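See below for the structure under consideration.
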Amino acid sequence: MIAKAARSRGKPSNHVAGQSTTAIKRAALDLFAIRGFDGAFTREIAAAADVDASLISYQFGSKLGLWKAIVADVGQALMSALDAANAGPEASAGNELQASMTAFVDFALLNPALIQFLRRDAETDVEHSRYLAETLGLPIFDRHLPLMEAAKAAGSLPGICPAMAVLHFSQGVAAMVRRRELLISRDPRLADDDIFRAALCDTLITPLFRND
């Protein structure tokens, strides 16, 4: 059980504070994903994390500060996953791009609550949308655009606009993962994780490389 650090007197220890911070972020992510920023109340987040509500203000300053901290964590984790994608030292530009795109798909599939969380607030709040664009959208775009341009220059991606293709891919992955239940209701095979992953790649990655 996470220690209820804020209920003890004085400044919480680094160990207890670290445990509580993790628990708060986890609880907040789940509630933000289900209800959105406005629908997730600080006291509910604190109760789910088993801490005093005042600890959220102590650790993050506000509910918005907590939301931004989660977004920043997502960005760091995603960039780390993309950095770890490696097609090998002799890989072609097309193979490097495919490795990075596949890593993005895998990250989204491993973290569906994150996708729900991010997409919900991106569509309902201007300030949140701007912060998400700066913290996640642009880094993802800037990560894949040079790879897309290099692959096109190498002849792997004939007849595409790299900028549009990058946006179509990233938005497509997010939309498919977020709407998975709807897709399953129309095609029950997509309830299988391997089949769903293969369908994502076949729909959003493979067609780009039809002449590769």
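The values are calculated or read from the model by the stated rules, or taken from the named source; none is laboratory data. Values in this document were obtained by computation on a predicted structure and should not be read as measured data. With ideal geometry, Cβ positions are generated from the backbone for all residues, glycine too; neighbour counts draw on all protein chains shown. Side chains included, ligands, DNA and RNA excluded: accessible areas come from the protein's heavy atoms. Shrake-Rupley method; radii C 1.70, N 1.55, O 1.52, S 1.80 Å.
Couple of notes before you dig in:
- Checked against the criterion of being at pLDDT 90 or above and buried (at least 20 other Cβ atoms within 10 Å of the Cβ), the range 118-134 has no qualifying residue.
- The set of residues in the range 47-70 that are under 25 Å from residue 110 (Cα atoms) and buried (at least 19 other Cβ atoms within 10 Å of the Cβ) comprises 49, 66, 67, 70.
- Residue in the range 28-43 that is modelled with pLDDT of 90 or more, open to solvent by 40 Å² or more (accessible area, probe 1.4 Å), assigned to a helix (DSSP H, G or I) and farther than 17 Å from residue 115 by Cα present: yes
For every residue, the table says whether it meets (1) open to solvent by 50 Å² or more (accessible area, probe 1.4 Å); (2) under 19 Å from residue 166 (Cα atoms); (3) among the small types (Gly, Ala, Ser).
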residue	(1), (2), (3)
73	yes, no, no
78	no, yes, no
88	no, no, yes
91	no, no, yes
97	no, yes, no
100	no, yes, yes
108	no, yes, yes
